[in-house]
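First up is the structure itself, then whatever we jot down about it.
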Amino acid sequence: MTGSRKIVPLTQNLLMPDAPLLVPVYSVDGTLIAARGIELTANQIEKLNRDNSSLYTLQKYLELHIERRKAAEEAKKPYRYGNPFERMTKIRDQLMEVMNKPPEPASVDQILQLARRIQIICDETPDIAIATIFIDLPEFYTVQHMMHVAVLVELCAKSLEWPESERRSLVAAALTMNVSMGFLPDQLATQSKPLSMEQKELILQHPSKSARLLESIGVTDKLWLDSVCHHHESIDGQGYPDGLQGTNVPEGASIIHVADVYCAKVAGRYYRDPIQTHVAAKQVFLSRDKLFRANAGEVMIKLVGLYPPGLQVRLTNGESGVVIKRGDRVDTPVVRVLANAKGERMNEPPLRNTSHPQYTVKEIIYPNVVKWDSSFSSLWGYTSKD
């Protein structure tokens, strides 16, 4: 065999009983003995070794396996450099690279690595992870929307006490839920005219198409695939693509659904302003047991609160600033004040605990009303050189 069909010796560590084969298995003459992906028992593996003096696999699959193993080892290394905002930007850029090229088997490990990095940021600085939803630039809508959903999915699933490995599958699902749509969400975010028939069809089919695409590049994780395939199903049976109802909607898919709905509401579109967060929270809460499981909806609202980090607000004393931390209650965040009641810039921005009557939140103000010359990360105590 030559080129892509060249066979090379197979190492025994690739023959694991009761687990999908990572590579196809060939005899010395190039005859296929066992296809990639099938499961062999310990007895079958023993018989293979007994009946063949040597076992082989295709060189391209062995090289791919080595690359994926290196990526998996790299993903286990600590990822704690730079400030969280820069780390999220790097994740965005890497996800953009994945989206910009045709999906391939190597993409699977890249996505899992990005999922793990989002988990780390959510664990170390959850308020900053949430803040990116409100301060990220809108021109990267497609990838940033999936990242924002992934952040809320990780935090929600953790609150529901999901194991870390299962949360990672769910975060990976959020990062790939729209993969079959390409960058159509960017177009829709700025489109003022009604959807075309082609766009409507693509939207209705994208959950199942995305799952099939992921399966075609080697994703075998059932939680990942099911969560992508059913993330637009509704508890009342009015969702798509399969019209699942009640407990037939997987819990993971329901968690992604609520995060997706919330992020879409607060992001806004070309033809409408963002829905204010306290209004979006109320709408999500009222949709529990209709669009998604009640526990997912309730936990999500408790997580983000009525005034999430990254939001700009005006206080009852006239001061304006940015929410940097969630408070003890959903309506009492901690605010970094940037301007006094006269609108004058504060050189040393103080913190205000809005649980105190004189500092309660009066209203939400749109982004960029309060100007800040430095990087937003400095409001949380980070610099661009961290």
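Per-residue packing, averaged as other Cβ atoms within 10 Å, sorts the ranges 141-149, 52-60, 288-296, 112-120 into the order 141-149, 112-120, 288-296, 52-60, beginning with the highest. Compared with the rule-of-thumb size 2.2 N^0.38 Å for a compact globular protein, segment 81-304 has a Cα radius of gyration ratio of 0.93. So which of K222/K290; K265/K325; K158/K302 end up more than 19 Å apart by C-alpha? Those over the limit are K222/K290; K265/K325.
Scanning residues 5 or more positions from L10 or on other chains, those with amide H under 5 Å from its amide H are L55, Y56, T57, with H placed 1.01 Å from N in the peptide plane.
Bridgeable aspartates and glutamates around K362 (alpha carbons under 16 Å apart, same-chain partners fewer than 8 residues away excluded): E319, D331.
Derived scalar couplings between HN and Hα for segment 171-179 equal 5, 4, 5, 5, 6, 10, 4, 10, 4 Hz in order, rounded to whole Hz, by the Karplus curve 6.51 cos²θ - 1.76 cosθ + 1.60 (θ = phi - 60°), x for Gly and Pro. Measuring between their Cα centroids, segment 126-156 and segment 1-60 lie 43 Å from each other. With N the number of residues in the chain, Rg(Cα) / (2.2 N^0.38 Å) evaluates to 1.14. Amide H to amide H, with H built 1.01 Å from N, A339 comes under 5 Å of S320, M346, counting only residues 5 or more places away or on other chains.
Could you give the angle, 0 to 90 degrees to the nearest 10, between helix 42-51's Cα long axis and the longest principal axis of the Cα atoms of the chain? It works out to around 40 degrees. Each label point was placed 7 Å from the Cα along the Cα-to-Cβ direction; for D236 and F183 their separation is 3.6 nm. Counting every other Cβ atom within 10 Å of each residue's Cβ, E348, E164 order from fewest to most as E348, E164. The long axis of helix 294-304 is offset from the longest Cα principal axis of the chain by roughly 60 degrees. The ranking of H356, H230, H278 by Cβ neighbour count inside 10 Å, starting from the fewest, reads H356, H278, H230. Site pair K6 and S165 shows an inter-label distance of 3.5 nm when each label is modelled 7 Å from Cα along Cα→Cβ. Dipole magnitude for the chain: about 620 debye, using +1 per Lys or Arg Cβ and -1 per Asp or Glu Cβ, origin at the Cα centre.
Going by alpha carbons, how many degrees (0 to 90, nearest 10) lie between the helix axis of 84-100 and the longest principal axis of the chain? Taking Cα atoms only, the helix is inclined about 50 degrees.
All of the numbers you see were taken from the coordinates with simple rules; none came from a lab. Everything numeric here is computed off the predicted structure, so don't read it as measured data. Every residue, glycine among them, receives a Cβ derived from its backbone with ideal geometry; neighbour counts consider all protein chains shown.
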